[in-house]
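Presented below is the structure to which this report refers.
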Amino acid sequence: MRGFLSFLLDSLVPLSCVVCGRWIDGDADPPPRGAVPAAGGAFDPGGLFHELFAGIRMPARVLCPACWRSLDRAVADAALPLGSGSPAPLISPFYTNDALLALVRFLKFAGGRSAAPPLAWWMADSLRRALDRRGVRREVGAVLAPVPLHPRRLRERGYNQALLLARCVGRELGLPVEDGALVRERATKSQSKLGEDERAENVRGAFALRRPDRIEGRGIVLVDDLVTTGGTARECLAALLAAAPAWTAVLSAGRVRDVGRASGTRA
Ligand SMILES: [Zn+2]
């Protein structure tokens, strides 16, 4: 039985795994060290709190250990081809699979804000490694820019999940979040119900640059929950590139395995 009260409670502080419904053992969540396959290193549960409101914090509990282990760790960054210029690195800790989709659906559609801190922990870990590999000193001029929601969708949902993720990543890495650099000018359909060509058409020209002064000469990391065809990320980067950033990258919690290849074939 899953009554309204339990739904409400789970939205605030999940008591059962959002993927399989199993009760989460207090000792086992956040996931124990090594719960998720190796590429990410040791999991630090210390910072994984979910702020309910006004400074009241609860541990971010979302997955049972078995479902943590079922997430599919990405082994390499992808490259997202852009219309012109060199491709943007696409950095994601996970490949999309059923468990990740369930977790992201919880974050987006079930009021599950508590899914943001653990997802962002892995995103921060992947971004830190990617910047280190490229010799980018993240303290210098890098900024996180969440994919914006249309104001109407924001009112319905109450929050922008990409902004929640960006804030948590920003806290982990000491990077500023630039919310408002981009705006979504046109309300678009949910991408999840559309095919690849429809997705590209759905978001074409949907984003506009509002604060080029905040972007110019800086390294921009666009933050989203999932990258599937890359259509949304490409449209956002096209708008951001008009402000002449020093470099761009895309950071998402998950991506499909062949996002770069599929886009590359088409481009
Ligand atoms: Zn589970």
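The values are calculated or read from the model by the stated rules, or taken from the named source; none is laboratory data. Computed from a prediction, not measured in an experiment: that's the story for all the values here. Cβ placement follows ideal geometry from the backbone for every residue including glycine, while neighbour counts extend to all protein chains displayed.
What is the number of the single condition among (1) within 14 Å of the ligand (Cβ to nearest atom); (2) crowded, with 21+ Cβ neighbours inside 10 Å; (3) modelled with pLDDT of 90 or more that W68 does not meet?
(3)
How many residues, within the range 71-96, are without any contact (Cβ under 8 Å) to a residue 40 or more places away in the chain and more than 15 Å from A238 (Cα to Cα)?
Of the residues in the range 71-96, 5 are without any contact (Cβ under 8 Å) to a residue 40 or more places away in the chain and more than 15 Å from A238 (Cα to Cα).
Restricting to the range 198-217, name every residue that is assigned to a helix (DSSP H, G or I) and farther than 11 Å from A242 by Cβ.
E198, R199, A200, E201, N202, V203, D213, R214
Of everything in the range 72-91 that's in contact with a Leu (Cβ under 7 Å, 6 or more places away or on another chain) and not charged (D, E, K, R), which residue is surrounded by the most Cβ atoms within 10 Å (Cβ to Cβ)?
This residue is A78.
Quick check on the range 156-166: of everything there that is part of a helix (DSSP H, G or I) and surrounded by fewer than 21 Cβ atoms within 10 Å (Cβ to Cβ), which residue is nearest to the chain's Cα centre (by Cα)?
This residue is R157.
Name the residues in the range 173-205 that are surrounded by fewer than 20 Cβ atoms within 10 Å (Cβ to Cβ) and in contact with an Asp or Glu (Cβ under 8 Å, 6 or more places away or on another chain), would you?
G174, R204, G205 - these are the residues of the range 173-205 that are surrounded by fewer than 20 Cβ atoms within 10 Å (Cβ to Cβ) and in contact with an Asp or Glu (Cβ under 8 Å, 6 or more places away or on another chain).
A99 - would you say it is touching a Cys at 6+ places or on another chain (Cβ under 7 Å), within 16 Å of the ligand (Cβ to nearest atom) and under 26 Å from R153 (Cβ atoms)?
yes
Could you list all residues from the range 208-222 that are within 18 Å of T188 (Cβ to Cβ) and touching a residue at least 60 places away in the same chain (Cβ under 8 Å)?
Matches in the range 208-222: L222 only.
Step by step: first the residues of the range 14-30, then only those that are within 10 Å of the ligand (Cβ to nearest atom) and out of contact with any helix residue (DSSP H, G or I) (no Cβ under 8 Å at 6 or more places or on another chain), then the one that is modelled with the lowest pLDDT. Which residue is that?
I24
In the range 169-199, which residue that is touching a Lys or Arg at 6+ places or on another chain (Cβ under 8 Å) and aliphatic (A, V, I, L, M) is farthest from P93 (Cα to Cα)?
Checking each candidate, the answer is A187.
Among residues belonging to the range 73-123 that are of a type in the set (D, E, K, R) and at pLDDT below 90, point out the one that is farthest from V259 (Cα to Cα).
Step by step, filter the range 73-123, then rank; the result is R113.
Can we say R234 is in a helix (DSSP H, G or I), in contact (Cβ under 8 Å) with a residue 40 or more places away in the chain and not small (G, A, S)?
yes
Suppose we filter the range 90-128 for residues that are aliphatic (A, V, I, L, M), outside any helix (DSSP H, G or I) and more than 11 Å from the chain's Cα centre (by Cα); how many remain?
2
Any residue at all in the range 181-197 that's in a strand (DSSP E or B) and under 21 Å from S86 (Cα atoms)?
Checked the range 181-197: no residue is in a strand (DSSP E or B) and under 21 Å from S86 (Cα atoms).
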